[in-house]
């Protein structure tokens, strides 16, 4: 009897071993019968392992973690001059920008000492801004840059491209009213901006006609604004002051974080008014929220000194000279637009789209005459207003119910403004002949 029991046990063990050896093949056959190959299973396992690895905290430098810089943005000073700004909620001693051509080693990089400024937000938190500027960029070159503090690396590596100034034409992006109160609002802003960049990947710069955030003293809103606009570290950003940037005469929460050309109107807060020349275009940014008379005097000086040097003059202002409503306090500005043949005025504030006929002294003029066109772009954020009653001076006015962006093509012969919704659908387009062709 014992021999029989032993024999039965031996056979059972043998059977278990055979089943165990055949199990992977059976499992593979089952997976293949379900349309899953062994390679796909292995890939899935690798992906799962990679996800587990990526879910763990990544190793970063102690200095980078300590300073946690954000809000990296590039400003256009002139054709090849750039200012690069970064922010931190901790003061950074010996903050420096390291810059090199893209093909060079970091040993050949130049070091540019950063200027520091700061302000206190509504929560009492000190916000520090650091800016390094350079006129050493060369036409047609690509660069890498990064931030250093006390000899330690505190940022990732960023790329910057300087366009070839010998090219006759260029593009820029127009966008406005990204303001929002919660993170989802800024996600929509980011989607709109990304659609614009995909439509114009070689854009020379981005113009924003005001109302970047809802509350300029909320650093959280600014962080969302920057987080969903990483392109600002690559493409120069040219913001205009709106009624959500300067409130009751205070624009500190806005002006601290940008470094625009230091040539604004006397009596205006830093970075709220400025101008710059880019190729054959003079760009001017006005502030509709204060120092209106002082800006009129400054605007006349700028146009008198520089108008003849440029083929095109483009102005950005938040409240419209001629939009869904009129910014009547700016009537002296409009007179100067007429006098100096400003070609195009970019506007925001209305959260709907509208475009004027060519205007001189408020009157519609023939396209062959030297009229100014005023275009108000719909918002890039979630706030879209009901369409206001159409005005006699408007050639186009609508509320399409979607966020919008515009691409502006500039050449010697013409300027073409193309307005798209976020899906890339063209909603309006117009051309302006150059001044030479108007005479």
Yes/no for residue 373 being surrounded by fewer than 18 Cβ atoms within 10 Å (Cβ to Cβ), touching a strand residue (DSSP E or B) at 6+ places or on another chain (Cβ under 6 Å) and in the same structural domain as residue 310 (by TED's automatic domain parsing):
no
Do we find a residue being under 16 Å from residue 209 (Cβ atoms), surrounded by fewer than 24 Cβ atoms within 10 Å (Cβ to Cβ) and touching a strand residue (DSSP E or B) at 6+ places or on another chain (Cβ under 9 Å) anywhere in the range 386-398?
no
Between 109, 129, which is over 16 Å from residue 68 (Cα atoms) and surrounded by 16 or more Cβ atoms within 10 Å (Cβ to Cβ)?
109
I'd like the full set of residues that are within 22 Å of residue 121 (Cβ to Cβ), surrounded by fewer than 19 Cβ atoms within 10 Å (Cβ to Cβ) and either in contact (Cβ under 8 Å) with a residue 40 or more places away in the chain or not assigned by TED's automatic domain parsing to the domain that holds residue 153 (or both), limited to the range 82-106.
89, 93
Take the conditions crowded, with 24+ Cβ neighbours inside 10 Å, in the same structural domain as residue 421 (by TED's automatic domain parsing) and either in contact (Cβ under 8 Å) with a residue 60 or more places away in the chain or on the phi > 0 side of the Ramachandran plot (or both) and apply them to residue 242. Does it pass?
yes
When the range 280-306 is checked residue by residue, the ones that are within 21 Å of the chain's Cα centre (by Cα) and crowded, with 22+ Cβ neighbours inside 10 Å are 282, 283, 284, 285, 286, 287
Single residue of the range 229-244 satisfying the filter (under 18 Å from residue 160 (Cα atoms) and assigned to a loop (DSSP other than H, G, I, E, B)) that is nearest to the chain's Cα centre (by Cα):
229
Return the total of residues in the range 356-369 being touching a strand residue (DSSP E or B) at 6+ places or on another chain (Cβ under 8 Å) and more than 18 Å from residue 416 (Cβ to Cβ).
4
Within the bounds of the range 297-315, is there any residue that is on the phi > 0 side of the Ramachandran plot, touching a strand residue (DSSP E or B) at 6+ places or on another chain (Cβ under 9 Å) and assigned to a loop (DSSP other than H, G, I, E, B)?
no
So, in the range 134-155, of the ones that are touching a residue at least 60 places away in the same chain (Cβ under 8 Å) and closer than 21 Å to residue 67 by Cα, which residue ends up surrounded by the most Cβ atoms within 10 Å (Cβ to Cβ)?
147
Checking the condition over 24 Å from residue 315 (Cα atoms) and either under 19 Å from the mean Cα position of the chain (by Cα) or not in a loop (DSSP other than H, G, I, E, B) (or both), which residue from 118, 178 passes?
118
Kindly indicate the residue of the range 203-228 that is assigned to a loop (DSSP other than H, G, I, E, B), surrounded by fewer than 24 Cβ atoms within 10 Å (Cβ to Cβ) and free of Cβ contacts under 8 Å to residues at least 60 places away in the same chain and also farthest from the chain's Cα centre (by Cα) among those meeting that condition.
214
Selection over the range 260-278 where residues are buried (at least 18 other Cβ atoms within 10 Å of the Cβ) and either at pLDDT below 95 or over 23 Å from residue 171 (Cβ atoms) (or both) yields a count of 7
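The values are calculated or read from the model by the stated rules, or taken from the named source; none is laboratory data. This one's a predicted model, so the numbers in the text were calculated from it and none came from an experiment. When we count neighbours, we look across all protein chains shown, and the Cβ atoms used for this are built from the backbone with ideal geometry, even at glycine.
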